[in-house]
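Below you'll find the structure, written out as structure tokens, and then a few comments.
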Amino acid sequence: MGPGGAGPGNAPRGPSTKEWLKLAWDYAVYRSDASKSDGTDVKAKRQALAREDALHAIAGSDPRPLIVLRECQFCNKTDKALLKPGADNERTLLLSRWFHCVKLPVDVIQPDHPFNALFPTNDAEHLFVCSADGSGKIPLESQTSRVELWSAMSRVLSTAYSKDPSAAAKDIVHVFDKLDILDGHVRDLENSRDQLLETAGKLDKDKVQKLEKEIDSAKKEIDASLRSIDRLAKLDLKPAKKAERS
């Protein structure tokens with residue numbers, strides 16, 4: 001199957017896969033080092049940073065390329081600008097693992113917000129993808145099609161990583177399918193065990209122990225599969241380009 005939002009037979013993904021596919025946001029907050037010359041505790045006046053400084057501040061020490069999303073009155077505290085309800089979002093979630101995902105607040109469009117240079121007006125796009133240094137920026141909107149979004153994400157990723165993550169994504173999806181089968185197997189085994197335990201006067205210790213061993217074995221396979229996904233997802237970034245001397 002393709003990198004969609006369901007497992008074999010279009011069944012919903014199991015808990016192990018869902019846990020791995022969670023979107024991890026970093027909520028960037030800028031803290032100025034400026035202090036008052038008179039030594040008082042009065043906070044320095046908020047002001048916008050230059051674009052390069054804003055990008056440096058939100059990237060921090062994370063060298064991965066960026067997905068930067070601004071919240072708005074209509075999609076505040078949600079991922080609607082990136083994830084569409086009822087849409088095929090698995091590939092989006094999977095590709096996002098190779099990005100540093102940063103979410104900025106509603107007031108980022110205010111002229112004095114430290115990160116305003118990234119979203120200078122209310123008409124600015126809802127999100128963009130770019131390299132960690134801000135190069136190769138591709139602005140995107142909530143109305144952007146899934147294909148356009150994936151294309152933009154893939155273009156940035158192929159520029160940032162030594163190996164194209166798209167190939168790793170396909171391999172990871174195959175492991176997802178295996179995980180879904182294992183999750184279902186564990187669920188069935190646990191149901192069988194619970195039914196035995198709930199049958200008064202007919203408790204078969206040998207059968208319960210056998211089921212417990214099978215459950216333990218299946219869970220070990222799940223752990224091994226998750227470790228294999230982590231190995232597949234671990235890709236090297238290309239060396240950062242050195243600034244050219246004039």
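The values are calculated or read from the model by the stated rules, or taken from the named source; none is laboratory data. Not measured: the values here are computed from a predicted model. Neighbour counts run over all protein chains shown; Cβ positions are idealised from the backbone, glycine included. The area values use the complete protein model at the heavy-atom level, side chains included, leaving out ligands, DNA and RNA. Shrake-Rupley method; radii C 1.70, N 1.55, O 1.52, S 1.80 Å.
Could you say which residue among Val175, Val147, Val186 is within 19 Å of Gly14 (Cβ to Cβ) and under 19 Å from the mean Cα position of the chain (by Cα)?
Values: Val147 fails: within 19 Å of Gly14 (Cβ to Cβ); Val186 fails: under 19 Å from the mean Cα position of the chain (by Cα).
Criteria check complete, one pass: Val175.
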Report summary line: In the range 99-129, anything in contact (Cβ under 8 Å) with a residue 60 or more places away in the chain and either under 13 Å from Trp150 (Cα atoms) or small (Gly, Ala, Ser) (or both) is listed as Ala117, Phe128, Val129
Requested in this report: With the checklist (1) over 19 Å from Ala24 (Cα atoms); (2) under 19 Å from the mean Cα position of the chain (by Cα); (3) not hydrophobic (A, V, I, L, M, F, W, C) in hand, flag the one item Gln110 doesn't pass.
Outcome: (2)
**Report entry** Residue pairs meeting the criteria (Cβ under 8 Å; at least 6 apart or on separate chains; first farther than 15 Å from Pro12 by Cα and buried (at least 16 other Cβ atoms within 10 Å of the Cβ), in the range 78-98; second aromatic (Phe, Trp, Tyr) and modelled with pLDDT of 95 or more)
**Finding:** Trp98/Tyr161
Report summary line: Expected single match for open to solvent by 10 Å² or more (accessible area, probe 1.4 Å), among the hydrophobic types (A, V, I, L, M, F, W, C) and in contact with a Leu (Cβ under 8 Å, 6 or more places away or on another chain) among Ala160, Ala168, Ala152 is Ala160
